[in-house]
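Data block below; observations after.
Only the coordinates and a few stated rules stand behind these numbers; no lab work does. Predicted model only: the values in this text are computed from it and were never measured.
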Amino acid sequence: METVKCEICGKELPESEAHYYEPGEYHVCPDCWENEFVTCERCGEHITYDEAHKGIHGYLCDCCYDDLFG
Ligand SMILES: [Zn+2]
Ligand SMILES: [Zn+2]
């Protein structure tokens, strides 16, 4: 089985369970994915908590936040 390494915690996991932050580049295990990333409620882009803005229901990426509130 193909295994990949989580970029955040370094855990090895089956490729089929990994999330991709940037496809083919950046693998993240499901735990870290939950802890570190959110999905922009408008465009669906994956962003880190650091980059996320509080949206109406969830979170917004920089671009969408600017579009809506900028
Ligand atoms: Zn991890
Ligand atoms: Zn967005």
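Points to keep in mind about this one:
- Global size of the chain as Cα Rg and Dmax, reported in angstrom: 13.7, 47
- Helical contribution to [θ] at 222 nm, DSSP H n ≥ 4, -39,500 (n - 2.57), averaged over the chain, rounded to 500: -5500 deg cm²/dmol
- With the biggest extent put first, the Cα atoms of the range 1-42 measure 35, 18, 14 Å across the principal axes.
- Annotation: extensible slack from Thr39 through Asp66 equals 8.1 nm (criterion: 0.36 nm per residue apart, minus Cα-Cα distance).
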